[in-house]
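Heads up: the structure comes next, in structure tokens.
No lab work stands behind these numbers, since they all come straight from the coordinates. Because the structure is predicted, anything quoted here is derived from the model rather than measured. Here Cβ is always computed from backbone atoms with ideal geometry, including for glycine, and neighbour counts include all displayed protein chains.
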Amino acid sequence: MLSKKDLEHLAALARLDFKDDEGTKLRNDLGNILDYFKELQGLDTSGVEPMTGGTELKNVVREDVIGKTDDTGKGPEAFPDRQDGYLRVPPVF
Amino acid sequence: MEMTQSFFDWIEKRDSEIGAYLSLCKDLAVRQAEAVDIKIAKDEALNFLAGVPLAIKDNMLIVGLPATAGSKILADYKASYDATVIKKLKAAGSVFLGKTNLDEFAMGSSTENSAFKLTKNPHDLGRVPGGSSGGSAAAVASHMTIAALGSDTGGSIRQPAAFCGVVGLKPTYGAVSRYGLIAMASSLDQIGPFTKTVEDAAILFKEIAGQDMMDSTSSPQANDYGEELLNPKLENIKRLKVGIPEEYFVEGLDKKVAESVEAAIKDIKSLGLEIKKISLPHTKYALSCYYIIMPAEVSSNLERLEGIRYGTRHKAGNLIELYEKDREIGFGPEAKRRILLGTFVLSSGYYDAYYAKAQKVRRLIGQDFEEAFKEVDVILTPVTPTPAFKIGEKVDDPLSMYLSDIFTIPVNLAGLPAISIPASSVQRQASSELPVGFQLIGKHWREADILGIGQYYEKL
């Protein structure tokens, strides 16, 4: 079972909140799943190159192309709270 | 136009029972159908897919239409651009009927994690259609569309295809652009077709495949698919060697599934192909490996969902509280579980033991396939350990839900193409039998091999 402190730490990192009853179930479920992962510890992976992505392709780059646009696209239409095309949010502090 | 309208009529009759669609796009469909009718009247050249009705999983963006990803946090979101696959299909003249139901953010194996509705398996309304692309699979299986698109990260196309008795293809990683697909796990996701026949799957796949500048993980090799996809030659297909991995045929495999897959092996042998026993020794570690890597990527990809720039926003005193509240209300339990799991395996102190370790295990799993593909060209396995399970049977036990993906997951880790094909032995029996699928796994970029064998199999 995952400790309350660990769960709270993770929730803060993930900017996620949850209700009290959800918390107990989460601690249980996550605990079970993490226990299941123990089987990996027994596997010898010394000298194995980690696979860091889905492909071995190199970075895809192109030359900078100078352009100019005032078009902010359709994105701002989806802003839940906006003013003059700007996004409005509550204060950080 | 008439065909399009008749599909909408049928959807109106059938979907209240099945629940495959989250939203319909009649206006768009009518315009698309009209455009094709005009071309026909003018005797203009038509693409194979012109006028073909398609259903699209609701995690792909069609501009102006809802894209909820099955989540409350995007309940009112309307897409601000077309996904690349959508652009391609629009250019081909296909007709979009609507967006289909899915597990929230493609997380799940039953479509029970959708925030909006339950989708039922058309073969047995008390059972799940599979997931996460359950809506798309059910729509094709109940004839509410000719074909559909889904996405597959750990089996989300192949497993529902098997449960619903339709064909489902997951392409090679990098074959189809992910631009406009709401990201789940960026190194594992691929978009693919659900169809009634393997031949249709080949046609739809060829249309959506291709390198895309907007997706740097798409490969130039995706541009090389040719005639052999659509017109496989039997003499070439006969030369393919099929491997049967012993690790996939163990205790716990449902008797019905085992029988159906054995029958499929026999049928394929009868086409003249050589069958060989092979081993994929690291198979049993794939589930742990996947459930570390995938949630890690999920926790990162879902950071963008906070109700700030799009999605559902609530009221809070300061920014951090806003993030926490929007995400607490907007995400369902499975999404929260995976985000927290991902955060854990990436966090300082645990990264090496979990995430870094899993990346090495991923390499070993990929190497298993590389070794096997020196002996054989295609690998045949079951798709699921059981036929479709009952609604509600696994929701309370996440681990048992995860275990239903054991045969599909290794394929995503290795980035290989794989197809789920309904086993004919089941189809030939009474319709009360639940469908069973078998899986063909190909080498990278060799969709032609698995589609080719499939096309000859279905002709038997």
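Show the residues, 5+ positions off or on another chain, whose built amide H is closer than 5 Å to the amide H of B:Arg127.
B:Asn121, B:Ile391
Quick one: Debye curve from the alpha-carbon atoms of the protein assembly as shown only, equal weights, vacuum; give me log10 I(q)/I(0) at q = 0.07, 0.08, 0.10 Å⁻¹ to two decimals.
Ignoring solvent entirely, the Cα scatterers give -0.38, -0.50, -0.80.
Find how many whole Å separate the alpha carbon centroid of region B:291-305 from the alpha carbon centroid of region B:1-32.
For region B:1-32 versus region B:291-305, the Cα centre distance is 34 Å.
Could you give each residue of region A:38-53 its phi-based ³J(HN,Hα) in whole Hz, using Karplus coefficients 6.51, -1.76, 1.60 with θ = phi - 60°, and x for Gly or Pro?
Here the 3J(HN,Hα) series is 4, 4, 5, 5, x, 8, 7, 10, 5, x, 8, 6, x, 9, 8, x Hz.
Taking the Cα atoms of chain A, what is the range of coordinates along each of the three principal axes, in descending order and whole Å?
Over chain A, Cα extents along the principal axes are 56, 43, 22 Å.
If the viscosity is 1.306 mPa s and the temperature 10 °C, what translational diffusion coefficient in µm²/s does Stokes-Einstein give for region B:247-383 when Rh comes from Kirkwood over Cα pairs?
Values: Rh = 18.6 Å.
The estimated diffusion coefficient comes to 85 µm²/s.
Could you put B:Phe105, B:Phe194, B:Phe8, B:Phe205 in order, starting from the residue whose Cβ has the fewest other Cβ atoms within 10 Å?
Numbers: B:Phe105 30, B:Phe194 34, B:Phe8 17, B:Phe205 24.
Going from sparsest to densest Cβ surroundings: B:Phe8, B:Phe205, B:Phe105, B:Phe194.
Past the 21 Å Cα-Cα mark, which pairs from B:Lys26/B:Lys72; B:Lys117/B:Lys394; B:Lys170/B:Lys443; B:Lys39/B:Lys196; B:Lys276/B:Lys443; B:Lys90/B:Lys206?
On the way: B:Lys26/B:Lys72 23 Å; B:Lys117/B:Lys394 17 Å; B:Lys170/B:Lys443 13 Å; B:Lys39/B:Lys196 27 Å; B:Lys276/B:Lys443 16 Å; B:Lys90/B:Lys206 14 Å.
Long pairs (Cα-Cα over 21 Å): B:Lys26/B:Lys72; B:Lys39/B:Lys196.
Counting helices only, and only those DSSP H runs with n ≥ 4, report the 222 nm mean residue ellipticity of the protein assembly as shown as the sum of -39,500 (n - 2.57) divided by its residues, in deg cm²/dmol to the nearest 500.
Details: 20 runs with 213 residues, N = 553.
Dividing the helical sum by the residues of the protein assembly as shown leaves -11500 deg cm²/dmol.
Tell me which residues come under 5 Å, amide H to amide H, from B:Tyr21 once H is placed; ignore anything under 5 positions away on its chain.
Answer set, sorted by chain and number: B:Asn101.
I need the semi-axes of the equivalent ellipsoid of region B:81-176: take the C-alpha gyration tensor, multiply each eigenvalue by 5, square-root it, list largest first in whole angstrom.
21, 15, 13
Per residue Cα convex hull volume for region B:111-228, in cubic angstrom? Please report the intermediate quantities before stating the final value.
Values: hull volume 11.6 nm³, N = 118.
Normalising the Cα hull of region B:111-228 by residue number yields 99 Å³.
Taking a cut-off of 17 Å between Cα atoms, list the aspartates and glutamates near B:Lys238, but don't count ones fewer than 8 places away on the same chain.
The reachable aspartates and glutamates, counting only those whose Cα sits under 17 Å from B:Lys238, are B:Glu228, B:Asp267, B:Glu274, B:Glu375, B:Asp377, B:Glu447, B:Asp449, B:Glu458.
Largest first and in whole Å, what are the equivalent-ellipsoid semi-axes of region B:160-249 based on the Cα gyration tensor, each being the root of 5 times an eigenvalue? Could you put the intermediate results ahead of the total?
Details: eigenvalues 113, 67, 43 Å².
For region B:160-249, the semi-axes come out at 24, 18, 15 Å.
In Å, the Kirkwood hydrodynamic radius of chain B over pairs of distinct alpha carbons?
On the way: mean 1/r = 0.0455 Å⁻¹.
Here the Kirkwood hydrodynamic radius works out to 22.0 Å.
Go ahead and set up a Gaussian network model of chain A, Cα springs under 10 Å, then flag whichever of A:Glu22, A:Glu77, A:Glu39 fluctuates most.
Its mean-square fluctuation being the largest, the pick is A:Glu77.
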